[in-house]
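Encoded as structure tokens, the structure appears first; notes follow it.
The values are calculated or read from the model by the stated rules, or taken from the named source; none is laboratory data. The model shown is predicted, which means the values in this text are computed figures rather than measured ones. All Cβ positions, even for glycine, are placed from backbone atoms using ideal geometry, and neighbour counts span all protein chains on display.
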Amino acid sequence: MTRLRTLCSTILVPGVVACLLGGCRAHQLQPDEPRLAPGAAMKDVTFYSVALNREMPYRVFVPAQLVPGKKLPVVYLLHGGGGNFRDWSNHSDVARYAADGLILVMPEGDASYWTNAALKPEDKYEDYLVSDLASDVEARFPAAKGRSSRAIVGVSMGGYEAVKLALSRPELFVFAGAISPAIDVPSRHFTLHRAEQSWRFRTIFGPDGSRSRRLSDPFVLVQSSDPAETPYLYLTSGKQEPLLEPNVRFASRLHARHFSYEFHTKAGGHDWGEWDAQIPDCFAALLERLRPS
């Protein structure tokens, strides 16, 4: 029996370690059940990203009937940590906004926080997002170009990047929605209690106190960003989730510096039940500001 346990450990443990180190995607085992809407069509795309040096997938909702020559506004929808490019289509009713004339782009971001990793230079996820992905979308679909025709909305990890891009790259989007954003992640210090998470954040954002951490921290960026140039910010949080406090604190910074923003809370936690409930009001604000070029 002891020999059998040893043999099993020899076979299984290295496989588990390799999976953890290689970043196995558990979501590949999850069912793909997109929530479609009348008047909307769905397309899955795989393209080569120069920034990441590999093929990357994304999902798109477009109007089912496209008018030849007509360009449409684009909304980039970023998933959260532990999620994937299918999340928005599987867990929300966002497809209905494609039926109203939007192109909805849902890319794969792995567990990257959608940023260029400070200590892993091959993981240039922000370059992939704003350069490679945007170029492919505009070449493949009737996407209007220019800031006034682009918006970005993210949940959790994706909400963090929506805010970061709004503050650091204001020329890209006219509207940034952050639903339960993990707004405080770069400012979290190393703890033994969450050693694995802390080490992962160090790889992505750099060591505590480093310049790369500061340049990734919305609480730092908000102090130097120009409110007049920053996209309209729409923030939400669930009243029963641990990210409520940092989001309330961040909203107060926006208020103090006179940014154009909204901050809303609803009953609920850090999950798609609460996030889907926030989407209609978020898109109502988005549609007031998004215009075709």
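Cβ-Cβ below 9 Å, separation at least six or inter-chain, first residue in the stretch 247-269 and touching a residue at least 60 places away in the same chain (Cβ under 8 Å) and closer than 20 Å to SER224 by Cα, second of a type outside the set (Lys, Arg) and part of a strand (DSSP E or B): which pairs?
Taking only residues 6 or more apart or on different chains, the pairs are ASN247/ALA178; ASN247/LEU235; ASN247/THR236; ASN247/SER237; ASN247/PHE263; ASN247/THR265; PHE250/LEU235; PHE250/PHE263.
Consider GLY268 against the criteria (1) of a type outside the set (A, V, I, L, M, F, W, C); (2) surrounded by 19 or more Cβ atoms within 10 Å (Cβ to Cβ); (3) assigned to a helix (DSSP H, G or I); (4) touching a Phe, Trp or Tyr at 6+ places or on another chain (Cβ under 9 Å): it satisfies all of them except one. Which criterion is unmet?
(3)
Restricting to the stretch 57-74, give me the number of residues that are in contact with a helix residue (DSSP H, G or I) (Cβ under 7 Å, 6 or more places away or on another chain) and in a strand (DSSP E or B).
6
This table checks each residue for (1) in contact with a His (Cβ under 7 Å, 6 or more places away or on another chain); (2) surrounded by fewer than 20 Cβ atoms within 10 Å (Cβ to Cβ); (3) aliphatic (A, V, I, L, M).
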site	(1), (2), (3)
LYS145	no, yes, no
GLY177	no, no, no
ALA182	no, no, yes
HIS193	no, yes, no
TRP199	no, yes, no
ARG211	no, yes, no
SER224	no, yes, no
GLU229	no, yes, no
THR236	yes, no, no
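Spot the failing condition for HIS258; the list is (1) loosely packed, with under 14 Cβ neighbours inside 10 Å; (2) under 20 Å from the mean Cα position of the chain (by Cα); (3) not in a helix (DSSP H, G or I), and only one is missed.
(2)
Between residues in the stretch 39-53 that are modelled with pLDDT of 95 or more and part of a loop (DSSP other than H, G, I, E, B) and residues that are of a type in the set (Asp, Glu) and surrounded by fewer than 16 Cβ atoms within 10 Å (Cβ to Cβ), which pairs lie under 9 Å by C-beta distance while being six or more apart or on different chains?
GLY39/ASP100; LEU52/GLU122; ASN53/GLU122
Against the condition more than 24 Å from SER89 (Cβ to Cβ), crowded, with 16+ Cβ neighbours inside 10 Å, in contact (Cβ under 8 Å) with a residue 12 or more places away in the chain and in contact with a Gly (Cβ under 9 Å, 6 or more places away or on another chain), how does SER156 come out, does it pass?
No; evaluated as a whole, the condition is false for this residue.
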